Amino acid sequence: MQKKLFSILEAIPNLRHKKVTYKKLADVEHKDAVIDVDDIPFTKRWPYRCEEEYRIIVESNSDDTFFEIDIPLDLIRKITLSQQMPEPIYKTIKGYLEGLKGNPDSRINRSTLYENKRWINTFKR
C-alpha cells in the first residue's frame, strides 16, 4: 500500500512528502547543529514524537486554500478525527466516511487524547 501511495504522490508536481523528524532542543541549539531549510517543514520538537507524523506539502504560488489528491480509499487503513470535534459532528462525519468506504469494520475513531478516562484516572490514585 505504501508503494502505491508514494507513486501517486511522486507524480504530483510541487509536492514534497516525508516522515517528520523529532529533535531535542539541546540538539538544535548546539553550535554545530544545522537543519537544512528544505527540512524545516518536516522537523518538530521531541515532545511530539509520539505523533509519528508524515507530512505532505504542496508548494505553490497560488492563493488556493485547498489542494486535492486522489487517493483510492482502499489505501486508507485508519482515520482518527480530532477530539475537539463535537460528538454530533463526529458521528455525522464517521457515518459519511463509513458509507464511502463501504466497510463497517473500518477503523474510524475520534481521538481520546484529552478525554481518556482510563489515563486520567490512573493519575487520580
Among the candidates Asp39, Asp64, single out the residue that is of a type in the set (D, E, K, R), at negative phi and part of a loop (DSSP other than H, G, I, E, B). Asp64
Exactly one of these conditions fails for Thr80: (1) over 20 Å from the mean Cα position of the chain (by Cα); (2) surrounded by 10 or more Cβ atoms within 10 Å (Cβ to Cβ); (3) among the polar types (S, T, N, Q). Give me its number. (1)
With the requirement that a residue be within 15 Å of Glu59 (Cβ to Cβ) and either in contact with a Phe, Trp or Tyr (Cβ under 9 Å, 6 or more places away or on another chain) or surrounded by 10 or more Cβ atoms within 10 Å (Cβ to Cβ) (or both), what does region 24-46 give you? Asp39, Pro41, Phe42
Within region 65-75, is even one residue exposed (fewer than 10 other Cβ atoms within 10 Å of the Cβ), farther than 20 Å from Lys18 by Cα and at pLDDT 85 or above? no
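The values are calculated or read from the model by the stated rules, or taken from the named source; none is laboratory data. Quick caveat, the model's predicted, so the values are computed rather than measured. Ideal geometry is used to build each Cβ from the backbone, glycine not excepted, and the neighbour counts take in all protein chains shown.
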